[in-house]
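Student: Below you will find the structure I want to go over with you.
The values are calculated or read from the model by the stated rules, or taken from the named source; none is laboratory data. The shown structure was predicted, so the numbers you read here are calculated from the model rather than taken from an experiment. Cβ placement follows ideal geometry from the backbone for every residue including glycine, while neighbour counts extend to all protein chains displayed. In case anyone asks, the SASA skips ligands and DNA or RNA and just uses the protein heavy atoms, side chains included. Shrake-Rupley method; radii C 1.70, N 1.55, O 1.52, S 1.80 Å.
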Amino acid sequence: MIAVDPKVIPYGTHMYIPGYGYGVALDTGGAIKGQKIDLFYDTIQEANNWGRRWVTIQLLGKGETAEYVNADLSNLGGEVAILSFGKTDIEWPLAKDAELYRKYLQLDADWLDSFKSEGELAESKVDSAYGNASFGARVDKIWNISNIPSEKDQVDPHRVAWSLLASLDKVLGDPIVHGESGLESEGRGRKPNPEKHFKKLCPELEWQTFTLSYYETWTEEVKVGDEIQEKTYEKEYKKKIRLLTSAKCYDANYQYSWSENVEEQKTANGYKKIITPKLNSVVRTGPYYEKLRSILQEEGLGSDMDLELVLRIAENIDPLFQIDYMIFGTPMEIDLDTEISDDFSGNKFPVNPCTGRVTSSFGMRKHPITGVVKMHTGIDIGAPRGSPVVAVKDGYVVYRGVMGGYGNTIMIEHGDCRTLYAHMSRFNVNAGERVSAGQKIGEVGSTGVSTGPHLHIEVRIGKNRTEYLDPAKFLIF
Ligand SMILES: [Zn+2]
């Protein structure tokens, strides 16, 4: 049974492996799906489809020296239990993980079930009816139900992902954390507590009451004796529903603001007025992941690395991740403490990335290998293999690894822009590390799709870091 959703662990994820310590996924083979580099696969078949079966994990937990573990997933029969590896989880049966997995899913399902679904709202009766209204009318007969967010729909974005719960439960229940390593049969070892941890991760919700309203008036001609009289009728329905106003979540605080959507309509013989809710705005405020951070700190996990582990997992499985993805670029590139601005200074960089001459400039060009005319998103600087490559500006390393045709690549976020260095032969810095202008980050190589040793450098701007600028404009020649 998988401990952490294999689809959500990107390259560079820090992990906690009981018995081994902390690890960071270094070489995942580089298969990229949906901007994430997969570590593990649900089945061997899937791994084979992507041509990947193994992962290298650099372990950071034991002293200064890093160990490397090659986890050959093909030998695990597809049953990946990366957070269950190790010596402190003595006699921990995989069947218990399977049981826990079901528990994690159940907690989430039960939580979601405590809120009204669209179907339940549709089938419920109105609260009040006046005039010629029929008492006992169903909500969906009065209002267009698709204009009304159900409670389930409203809370859905704030659900606790099971894989986050699983990782938190494992980390906090680990013998290294609670200090009781030993045999499971002796009441020691791993002590999961899914209910407790789920409760901690669950959002605190606040609701406002909103009254759905339906009013209609019309006239009809009625025969009174021999006389035809005009008679006016009216009917009114009201139904109170709940609208989410605030969700204090492990990742951020969300404030929802609602107003009335008023629909007025002349009918053939009268007038209709329908009031339904309208979502004005959702404001997400930080500091991000503060609640999760405090959960970990309460349990005595105060070190940066402990925090990093769970926070990274959280960031990557966040159901609202799409928002982050659009703001920050790829999942693994989120940094908690660095503001990413799309206000690029446009100043020249204080140093050049390497010494050499530009062999291919920015813009449209015929690709030297594929022959296809394509946008060249950076410039190539020819230099001998092994020449030092330095950071052009202060920043932090947001990516270190193989990136498709770019080969060995480093990306550095500078706050106002991001630089990318490709085809390198060696790395001298790690993901997450701060670097200063002029600091050596690696060496020139010819990895990836490349005809010979050169550095390909890009300058990316925009809030998604998806707009490319000509790096030559910011280098000193
Ligand atoms: Zn290039």
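Student: Restricted to region 407-430, and to residues that are within 16 Å of the ligand (Cβ to nearest atom) and aliphatic (A, V, I, L, M), which residue is nearest to His456 (Cα to Cα)?
Tutor: The extreme case among them is Ala422.
Student: Right, another one. Does any residue in region 169-189 that is closer than 21 Å to Lys200 by Cα come within less than 6 Å, Cβ to Cβ, of a residue that is open to solvent by 60 Å² or more (accessible area, probe 1.4 Å) and modelled with pLDDT under 80 six or more places away or on a different chain, and which pairs are these?
Tutor: Pro175/Ser181
Student: Could we say that Ala161 is closer than 25 Å to Trp207 by Cβ and in contact with a strand residue (DSSP E or B) (Cβ under 7 Å, 6 or more places away or on another chain) here?
Tutor: Answer is no for this residue.
Student: Pick from region 356-381 the residues that are more than 25 Å from Arg465 (Cα to Cα) and surrounded by 13 or more Cβ atoms within 10 Å (Cβ to Cβ): which of them is modelled with the lowest pLDDT?
Tutor: Pro368
Student: So which residues in region 249-264 are in a strand (DSSP E or B) and either open to solvent by less than 40 Å² (accessible area, probe 1.4 Å) or touching a Leu at 6+ places or on another chain (Cβ under 7 Å) (or both), if there are any at all?
Tutor: Across region 249-264, the qualifying residues are Tyr254, Tyr256, Trp258, Ser259.
Student: What is the number of the single condition among (1) within 12 Å of the ligand (Cβ to nearest atom); (2) on the phi > 0 side of the Ramachandran plot that Gly462 does not meet?
Tutor: (1)
Student: Only one of Tyr250, Tyr233, Tyr215 is assigned by TED's automatic domain parsing to the domain that holds Arg102, under 29 Å from Tyr101 (Cβ atoms) and among the aromatic types (Phe, Trp, Tyr). Can you tell me which?
Tutor: Tyr250
Student: Please enumerate the residues belonging to region 423-443 that are small (Gly, Ala, Ser), modelled with pLDDT of 95 or more and touching a strand residue (DSSP E or B) at 6+ places or on another chain (Cβ under 6 Å).
Tutor: Gly438, Gly442
Student: If I go through region 372-402 residue by residue, how many of them are within 14 Å of the ligand (Cβ to nearest atom) and under 15 Å from Ser446 (Cβ atoms)?
Tutor: Going through region 372-402 one residue at a time, the tally reaches 5.
Student: Being more than 16 Å from the ligand (Cβ to nearest atom), open to solvent by less than 30 Å² (accessible area, probe 1.4 Å) and at negative phi is the requirement here; does Val444 meet it?
Tutor: No.
Student: Quick test for you: out of Glu467, Glu433, pick the one residue that is more than 16 Å from the ligand (Cβ to nearest atom), closer than 21 Å to Phe362 by Cβ and surrounded by fewer than 17 Cβ atoms within 10 Å (Cβ to Cβ).
Tutor: None of the others qualify; the one that does is Glu467.
Student: Can you go through Ile340, Ile327 and tell me which one is at pLDDT below 60, more than 13 Å from the ligand (Cβ to nearest atom), surrounded by 11 or more Cβ atoms within 10 Å (Cβ to Cβ) and not assigned by TED's automatic domain parsing to the domain that holds Gly462?
Tutor: Result of the check over Ile340, Ile327: Ile327.
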